[in-house]
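The values are calculated or read from the model by the stated rules, or taken from the named source; none is laboratory data. Values in this document were obtained by computation on a predicted structure and should not be read as measured data. Note that we place each Cβ from the backbone using ideal geometry, even for glycine, and neighbour counts take in every protein chain shown.
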Amino acid sequence: MIESFPIFSDNNTLTAKDFLRFSRSYGEILQRYLPVDGRVDFVLSAEQLEAQWQADPSLAELPSLFSQVKEGNAGHAVWKDCLMLAFDCKAGERSVAIVSKVDPLFLQKVSEDWLQETKKAVAREFLLLKQARIDSQTGLLNIANLFSLLETYGAEEGLHLIVVELPPKRTSFQYVLRYSHKCSTLLDNFVQTDSALHYLGLATYALVLQQEGGGERPEIESALVTYLKREGCHRVHIGSSYSKGRDGDERGRHQSRQVLDEAWTALRHAAKRGPFGFCDFSLLAHPENHPLARPDRNLVRRLGRLWTKSDTFSLVQFSSDSETCSANAVVPAKIGRGVVVPAGDDVFVFLDGAKAEEALIWTKEVLGDLENPEQDIHISAGVSSYPYCDFKKSELVFNCRKALLHAAFYGRSSAAVFDAVSLNISGDIYFGDGDLAKAVNEYKRGLKCDSRDINLHNSLGVALVMMNKLTPALQSFANGLAIDGDNFMALYNLGLGEQARNRKAEALAFLEKALHNYSHEEGGTDLVNDLTLQLGILSCELGKYEAALGYLLPWQKDNTKIQSGGRVYYYLGEAYYGLKKNRQAMAALQRALRFDEMDDRAMSLLGRLYLDEGEGDEIALSLCRKSVELEPAKPRYLLYLAEVQLRCGLYQEARENLYRCLKNRDCKIAAQYFLAQSYVFLGQQRRAKNWYAKVLAQADRRQDLYAKAEKELKRIIKTMD
């Protein structure tokens with residue numbers, strides 16, 4: 001059997017999507033052919049036209065003219081100083097270019113023939129630009145387009161660049177292509193913006209996100225790592241950088257290219273952090289701005305002179321919550337005890353002999369005296385004490401900083417004592433930065449302070465999972481569950497951990513209990529959404545199809561546009577198939593293939609369904625063959641393909657695939673049955689009899705195949721007699 005060369009992308013025709021992702025470049029090409037002083041908009045539908053032009057009530061005639069051009073009833077249309085031209089796309093679609101501020105004399109004189117010839121020339125340039133900017137393996141934008149975007153948007157508007165490296169397990173050409181396509185689909189599904197996603201080669205991608213209105217950079221790296229890990233990527237490294245535009249000047253263009261170097265540097269740093277790491281370049285370039293930046297050594301030495309001979313003391317750091325004043329300007333005047341040590345805008349107070357409780361009471365009194373909302377004076381404080389757990393005296397300055405971050409959770413003008421919760425918060429900060437080793441260290445030290453803190457056990461487990469240390473991670477979750485057997489997060493995390501170990505029954509039990517206890521926890525909808533999805537998937541994989549539909553149908557209705565919204569259709573199809581609802585299964589699997597046209601699971605099962613429903617043997621054969629080409633090592637795909645080949649009279653090819661299935665325990669009996677059938681078709685009754693006998697010797701009497709084989713064997717024996 002001849003196998004198809006595994007390249008998935010077709011760049012030989014224009015598609016409607018091209019006019020969205022290359023709209024600016026296509027507009028510039030068209031402007032070179034026409035005397036125009038305005039803009040060019042490519043419109044694909046009447047709804048899009050209304051959304052772009054509805055602000056101007058004088059454009060009432062546009063929809064009618066647009067429809068004529070869109071449907072091919074007119075070669076072009078002119079309205080005032082606007083020209084409409086339609087460009088043919090794949091699958092019979094048309095994109096209409098609306099060109100504004102065209103020379104009025106040109107519009108009067110131009111002929112239909114000239115416009116048609118011009119359209120052909122422009123369309124050729126459109127296609128050439130697409131082929132130069134699209135990766136032929138994945139169909140995504142390539143590195144040439146990335147450089148263009150960096151120079152255009154980076155110089156003018158500013159951007160957030162994320163580089164994602166997803167190293168494949170194997171390096172064979174076919175596997176890398178298949179894996180790259182899978183990763184492309186996952187990333188495209190995550191960002192929901194095609195123009196942002198680029199393929200750089202060797203399973204490395206770039207996401208270009210434009211900054212809107214000078215707002216803060218979105219924090220998506222951690223969510224992206226978690227998402228890709230859940231979807232089966234065995235290694236994920238992410239580096240990111242942010243560049244502010246400079247109105248298109250040369251310095252801005254230089255910086256826009258520099259942002260790629262910065263993201264690449266962050267990526268290489270992330271790769272050193274473990275199998276699932278991410279890093280933001282700003283933290284590498286400016287570590288002093290980190291909320292957990294190490295205190296100045298000189299400050300530690302100055303304070304150290306005060307506590308050298310003290311066995312019990314507390315240290316308080318006062319810091320301003322507002323930019324209008326500093327703690328150093330207002331705190332010293334209110335201090336009636338201890339030793340005041342200024343540190344930039346902050347103030348430290350050394351309280352000899354004071355324990356944590358006493359120091360906290362005193363600190364709150366000082367904060368109460370200091371607070372003045374009318375003058376925007378809001379001071380917060382972090383308290384650390386000695387002795388506490390196994391912390392050294394020299395660590396107290398840093399502990400004050402962690403206590404300040406703890407106090408921030410209570411709002412302005414707040415105080416907190418450094419404790420296990422403070423370490424959970426600092427660990428979460430490191431986790432959010434992608435520095436998992438430091439996060440784990442904080443969580444472990446927190447558990448030394450309070451071994452019964454369930455949040456710390458859960459946080460530690462999640463960080464260990466991200467480091468691919470599954471066994472100690474599960475132990476950490478189990479430790480939390482031992483403290484509170486109904487704790488939602490412990491149950492949820494244990495369920496996901498068992499799912500990662502492919503222990504599906506155990507995972508389902510934990511997740512079902514987690515859902516039962518969800519109402520007792522404070523959590524967002526994202527958690528319960530993911531929990532419901534995982535329950536649906538596990539139920540389907542365990543053959544509990546009614547339960548699977550009970551989870552998946554409501555989930556699919558409420559989450560059609562989020563990251564996993566498309567892949568759920570495969571599991572819906574499998575559940576319907578298991579319940580013998582073939583028509584619903586076919587509809588779900590067809591939608592799964594629209595979401596991911598290379599979903600080998602959906603292809604194989606849909607081919608089998610086409611065979612069962614008599615929807616076309618050739619289509620079934622094509623789908624099953626393609627699934628085997630994508631994943632040749634899966635016995636079930638080979639079995640379905642062999643069934644279709646038998647129906648199509650391809651007995652030799654069917655037997656070759658069935659003999660390969662005999663090596664798999666789950667497919668062996670079915671393969672024996674179909675081998676017997678293949679020999680029946682060829683009139684070789686004795687061989688067929690032997691294979692049917694093997695089925696009866698090995699199959700469960702309750703199986704359908706047992707009854708079918710028994711009936712066929714009796715018929716053959718009767719015929720032979």
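Looking at Lys668, is it in contact (Cβ under 8 Å) with a residue 24 or more places away in the chain, outside the structural domain of Tyr175 (by TED's automatic domain parsing) and under 27 Å from Tyr179 (Cβ atoms)? It is false that Lys668 is in contact (Cβ under 8 Å) with a residue 24 or more places away in the chain, outside the structural domain of Tyr175 (by TED's automatic domain parsing) and under 27 Å from Tyr179 (Cβ atoms). Scanning the stretch 417-439 finds one or more residues that are buried (at least 22 other Cβ atoms within 10 Å of the Cβ), in contact with a strand residue (DSSP E or B) (Cβ under 6 Å, 6 or more places away or on another chain) and modelled with pLDDT of 95 or more. Applying a threshold of 6 Å to beta carbon distances and a minimum spacing of six or more residues, or different chains, the list of pairs starting in the stretch 230-257 at a residue that is among the basic types (Lys, Arg) and ending at one that is buried (at least 16 other Cβ atoms within 10 Å of the Cβ) and modelled with pLDDT under 60 reads Arg246/Gly252; Arg253/Ala155.
So that you can scan it fast, the table gives a plain yes or no per residue for (1) modelled with pLDDT under 90; (2) among the basic types (Lys, Arg); (3) in contact with a Phe, Trp or Tyr (Cβ under 6 Å, 6 or more places away or on another chain); (4) at negative phi:
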| residue | (1), (2), (3), (4) |
| --- | --- |
| Ser604 | no, no, yes, yes |
| Leu609 | no, no, no, yes |
| Glu613 | no, no, no, yes |
| Ile619 | no, no, yes, yes |
| Leu630 | yes, no, no, yes |
| Tyr637 | no, no, no, yes |
| Ala654 | no, no, no, yes |
| Cys661 | no, no, no, yes |
| Lys668 | no, yes, no, yes |
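Report whether or not Ser322 is more than 19 Å from Ser394 (Cβ to Cβ), among the hydroxyl-bearing types (Ser, Thr, Tyr), in a loop (DSSP other than H, G, I, E, B) and touching a residue at least 40 places away in the same chain (Cβ under 8 Å).
yes
Taking the stated definitions as given, is Lys229 exposed (fewer than 14 other Cβ atoms within 10 Å of the Cβ), outside any strand (DSSP E or B) and at pLDDT 85 or above? Taking the combined requirement at face value, the residue does not satisfy it.
Would you pick out the residues in the stretch 177-201 that are among the hydrophobic types (A, V, I, L, M, F, W, C) and modelled with pLDDT under 85? Within the stretch 177-201, Leu177, Phe190, Val191, Ala196 meet the criteria.
Provide a single number: the residues in the stretch 114-146 that are touching a residue at least 12 places away in the same chain (Cβ under 8 Å), of a type outside the set (A, V, I, L, M) and in a helix (DSSP H, G or I). Here the count works out to 9. Could you list all residues from the stretch 95-121 that are of a type in the set (A, V, I, L, M, F, W, C) and surrounded by fewer than 19 Cβ atoms within 10 Å (Cβ to Cβ)? Passing the criteria: Leu105, Phe106, Leu107, Val110, Trp114, Leu115, Ala121.
Would a scan of the stretch 703-719 turn up a residue that is part of a helix (DSSP H, G or I), modelled with pLDDT under 90 and crowded, with 22+ Cβ neighbours inside 10 Å? For the stretch 703-719, residues part of a helix (DSSP H, G or I), modelled with pLDDT under 90 and crowded, with 22+ Cβ neighbours inside 10 Å: present.
Within the stretch 370-388, being polar (S, T, N, Q), in a strand (DSSP E or B) and touching a residue at least 12 places away in the same chain (Cβ under 8 Å) holds for Ser380, Ser384, Ser385. Is it the case that some residue within the stretch 403-410 is outside any strand (DSSP E or B), under 40 Å from the mean Cα position of the chain (by Cα), under 30 Å from Tyr443 (Cα atoms) and free of Cβ contacts under 8 Å to residues at least 12 places away in the same chain? Checked the stretch 403-410: at least one residue is outside any strand (DSSP E or B), under 40 Å from the mean Cα position of the chain (by Cα), under 30 Å from Tyr443 (Cα atoms) and free of Cβ contacts under 8 Å to residues at least 12 places away in the same chain. Would you confirm whether or not the stretch 302-313 contains a residue that is within 46 Å of the chain's Cα centre (by Cα) and more than 16 Å from Val417 (Cβ to Cβ)? Looking through the stretch 302-313, none of the residues is within 46 Å of the chain's Cα centre (by Cα) and more than 16 Å from Val417 (Cβ to Cβ). Among the residues of the stretch 84-99, those identified as assigned to a strand (DSSP E or B) and either small (Gly, Ala, Ser) or farther than 17 Å from Gln48 by Cα (or both) are Ala86, Asp88, Ser95, Ala97. The single condition among (1) more than 35 Å from the chain's Cα centre (by Cα); (2) at pLDDT below 95; (3) in a helix (DSSP H, G or I) that Ser413 does not meet is (3).
Scanning the stretch 364-398 for residues being surrounded by fewer than 21 Cβ atoms within 10 Å (Cβ to Cβ), among the small types (Gly, Ala, Ser) and within 21 Å of Tyr410 (Cα to Cα) gives a total of 1.
Report those helices (runs of 4 or more DSSP H) wholly inside the stretch 541-615 carrying at least 2 residues which are surrounded by fewer than 19 Cβ atoms within 10 Å (Cβ to Cβ).
545-558, 582-595, 600-613
Restricting the stretch 477-516 to residues that are in a loop (DSSP other than H, G, I, E, B) and polar (S, T, N, Q) leaves a set whose member that is nearest to His234 (Cα to Cα) is Asn502.
Scanning the stretch 632-661 for residues that are among the small types (Gly, Ala, Ser), farther than 14 Å from Val680 by Cα and crowded, with 22+ Cβ neighbours inside 10 Å gives a single hit, Ala642. Just checking, how many residues over the stretch 416-452 are of a type outside the set (Ser, Thr, Tyr) and under 30 Å from the mean Cα position of the chain (by Cα)? Of the residues in the stretch 416-452, 20 are of a type outside the set (Ser, Thr, Tyr) and under 30 Å from the mean Cα position of the chain (by Cα).
For Tyr410, state whether it is closer than 30 Å to Lys272 by Cβ and either touching a Phe, Trp or Tyr at 6+ places or on another chain (Cβ under 7 Å) or of a type outside the set (Val, Ile, Thr) (or both). Let's see the steps before the verdict.
Working: closer than 30 Å to Lys272 by Cβ: no; either touching a Phe, Trp or Tyr at 6+ places or on another chain (Cβ under 7 Å) or of a type outside the set (Val, Ile, Thr) (or both): yes.
Criteria not met by Tyr410.
For the stretch 291-303, filtering for residues that are in a helix (DSSP H, G or I) and farther than 15 Å from Val349 by Cβ leaves 4. Of the numbered criteria (1) over 23 Å from Glu28 (Cβ atoms); (2) within 25 Å of the chain's Cα centre (by Cα), the one Leu150 fails is (1). Of all residues in the stretch 343-355, those satisfying the criterion of being crowded, with 19+ Cβ neighbours inside 10 Å and over 12 Å from Leu303 (Cα atoms) are Asp346, Ala354. Among the residues making up the stretch 465-476, those that are more than 22 Å from Asp419 (Cα to Cα) and part of a helix (DSSP H, G or I) are Val465, Met466, Leu470, Thr471, Pro472, Ala473, Leu474, Gln475.
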